[in-house]
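Please read the structure below before turning to the comments.
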Amino acid sequence: MSEQAGPSAGLQTGIYDLGYRSYDGVRLGRAYAVVSLFTYSLRAVFGLGRSWVSKLFPIGLAILALVPALVQLAVAAISPGDFEFAKPENYFGFVNIVLALFCAVAAPEVVGRDQRHHTLALYFSRSLSRTDYVTAKLAGLLVALLIVLLTPQILLLTGNAVATDTVVSYLKDHLDQVPPIVGSALVVGAMMTSLSLAIACQTPRRAWGTGAVIGYFVIATALGSILLQTISGHGGGYALLISPFAVLEGAVYWIFNAAPAVDSDVERAAIDGIYYLLAAVGYTVVGLAVLYRRFWRLGV
Amino acid sequence: MTNVVAAADSPLVETRELTKRYGSQILALDSLSLRIEEGVTGLVGANGAGKSTLIKILLGLLSPTSGGATLLGYDVQTQGPLLRQYVGYMPEHDCLPPDVSATDFVIHMARINGLPSSAARERTAETLRHVGLFEERYRPIGTYSTGMKQRVKLAQALVHDPRLLMLDEPTNGLDPAGRDEMLDLIRRIGRDFGISMLMSSHLLGEIERVCDHLVVIDAGRLLRADTIATFTGEMQVLTVEVDDKQDELMARLQAKGLQVSAAGPLLLINLDGAKPYDLVRDEVVDLGVGLLRVEQSRHRLEDLFRVDAEETADV
């Protein structure tokens, strides 16, 4: 280990001349490195520690995702119990585009940035493995997305409770909604994280990554809708599974054990809700495989 | 920590028959076996000689096609995460995000190296000061000059107090003044901080200024490994220029046992510890020619390597 080197005589640059101290403290190893990269990535998603421009889109979109809940609460405050349009089971339908935009902004930041600036060599030459790196990045975006998904739900639940006269009993009555809220957020978060990272990691360029993620969600959703209308019988219903938004909407309804919205694609498809959940899991797994494979093979 | 200290008796770096093949055509390393001890070692070779490939294999960034290597006594392939806590790497290429400050970036890298947050902050401040970054360390890296970026690259490699620092072409892209400053800094890290280093460069002058040992690779094979002192001992040469009978003088000197070669109008006499000044004077007087120049100088290291390479090729 390096020796303690006191201030050396003869060095002209006085301010350098402070002596080098070796580090004999604790080294927390690989797991700590993964956690550090996770928190760094999570902060980076929201642009924390960066300029205000970096914060603008992610924080703006996160706030936009709250709008349906805020409107619902405002309506409930004016006229309690009359009109409930935003509910835990249909909330995804209101914010799916916002979530896709959030992923499109965040995913290239999470997995494209280090490729763009060639920083990967610095990570992979430390105690992190490539798998560790991807896991930390995945967790960073997943947790960010869960924050965006769960905040309006928490707001809805507590806001509705406050609007009633009996807050505690309202919360007790609606306690059974918590597992499906968390479960559906996990399914939505996992699939959107996995797919958007798998797409965005293919290019170091931010604009292309963002465009590709938005393009995928919009085009695949439109395609699913078109196929549903053009293919007759059950085939059309299953073809809707191409649409990521429909898959997630269907999975969320199934998790809440709720009927799909009237006149929606999911209702028209008339297939068993479990297929949506299975499709969501399938997409997540495929996305993960693509993502890990990319970083295992990437030359640095 | 304990494990790595326990391995302190092992050589810093050891490779055994290390081979790296890219596709079926390109052989970057060809059964390279070498041993590097503590100290500051220069890794020299032409572009494409395999320097960066070797460093990347030692760092676990690339897998060898065959053969193996140890670093600090630990296998680079099976014990990578453990040993890399004690290794610092400054890549040749750009590797810094432009939109964060040097302080934030180096703290982050220190944490990735396992330093707790408070230690990471403290060591980042110290390390940035050591590499000569002061108030500007709070500015985004994108606003830095090339020289300042090189310092940040060095700082992130140094912040966790590595036992071995690997520098890949650390002066790339710097102007002469920046080059001098960087080399001074590297020399100081090796001598004053006591950190072993492996520094690759294709510029021998740089290696000579900074390193104690030299490893020369060419076409993925070890050409030579020795101390800088041995190399420089071989580099002494006496340049003689006469106005006539150059060939005759050369033959006479060779007959007296000197190694003489002609380079245009000049005769180059390898000194190798000998001092044939009187002999040269006497022979010149004896031939009755005019002596235009007697100058003690040095071969360029490149010349030595070219001879080595030719010898190797002949074998």
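The values are calculated or read from the model by the stated rules, or taken from the named source; none is laboratory data. Worth saying up front: this structure is predicted, and the values here are computed from it rather than measured. Here the Cβ positions follow ideal geometry from the backbone for every residue, glycine too, while neighbour counts run over all protein chains shown. SASA here: full protein model, heavy atoms, side chains in, ligands and nucleic acids out. Shrake-Rupley method; radii C 1.70, N 1.55, O 1.52, S 1.80 Å.
Summary of computed values
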{"read-out": "Filter result for residue B:249 (in a strand (DSSP E or B), open to solvent by less than 10 Å² (accessible area, probe 1.4 Å) and touching a residue at least 12 places away in the same chain (Cβ under 8 Å))", "value": "no"}
{"read-out": "Residue satisfying condition, being at pLDDT 95 or above and away from chain B (no Cβ under 14 Å), within set A:81, A:60", "value": "A:60"}
{"read-out": "Region A:108-154, residues that are more than 30 Å from residue A:171 (Cβ to Cβ) and away from every other protein chain (no Cβ under 14 Å)", "value": "A:134, A:138, A:141"}
{"read-out": "Members of region B:251-289 found to be in contact with a Leu (Cβ under 8 Å, 6 or more places away or on another chain) and among the β-branched types (Val, Ile, Thr), listed by number", "value": "B:260, B:269, B:280, B:284, B:289"}
{"read-out": "Subset of region B:134-179 [facing chain A (nearest Cβ under 10 Å), in a loop (DSSP other than H, G, I, E, B) and either open to solvent by less than 30 Å² (accessible area, probe 1.4 Å) or in contact with a strand residue (DSSP E or B) (Cβ under 8 Å, 6 or more places away or on another chain) (or both)]", "value": "B:159, B:160, B:161, B:162, B:163"}
{"read-out": "Condition met for residue A:197 (open to solvent by 40 Å² or more (accessible area, probe 1.4 Å) and assigned to a helix (DSSP H, G or I))", "value": "no"}
{"read-out": "Test result for residue B:203, open to solvent by less than 20 Å² (accessible area, probe 1.4 Å) and away from every other protein chain (no Cβ under 11 Å)", "value": "no"}
{"read-out": "Some residue of region A:232-252 being within 17 Å of residue A:87 (Cβ to Cβ), open to solvent by 10 Å² or more (accessible area, probe 1.4 Å) and of a type outside the set (Lys, Arg)", "value": "yes"}
{"read-out": "Complete set of residues in region A:126-161 that are touching a Lys or Arg at 6+ places or on another chain (Cβ under 8 Å) and at pLDDT 95 or above", "value": "A:132"}
{"read-out": "Hits in region A:268-283 - residues which are of a type in the set (Asp, Glu) and at pLDDT 95 or above", "value": "none"}
{"read-out": "Within region B:1-25, tally of residues that are within 14 Å of another protein chain (Cβ to nearest Cβ), modelled with pLDDT of 90 or more and open to solvent by 80 Å² or more (accessible area, probe 1.4 Å)", "value": "1"}
{"read-out": "Residues (of a type in the set (S, T, N, Q) and within 18 Å of the chain's Cα centre (by Cα)) located in region A:87-133", "value": "A:96"}
{"read-out": "Residue under evaluation residue B:131, criteria (1) at the interface with another protein chain (Cβ under 7 Å from one of its Cβ atoms); (2) open to solvent by less than 10 Å² (accessible area, probe 1.4 Å), criterion not met", "value": "(1)"}
{"read-out": "Subset of region B:180-197 (residues that are out of contact with any strand residue (DSSP E or B) (no Cβ under 6 Å at 6 or more places or on another chain) and in a helix (DSSP H, G or I))", "value": "B:180, B:181, B:182, B:183, B:184, B:185, B:186, B:187, B:188, B:189, B:191"}
{"read-out": "Elements of type helices (runs of 4 or more DSSP H) in region A:205-300, at least 1 residues being within 30 Å of residue A:118 (Cα to Cα)", "value": "A:206-230, A:273-297"}
{"read-out": "Residue list for region B:215-229, restricted to those being open to solvent by less than 50 Å² (accessible area, probe 1.4 Å) and either polar (S, T, N, Q) or part of a strand (DSSP E or B) (or both)", "value": "B:215, B:216, B:217, B:223, B:224, B:227"}
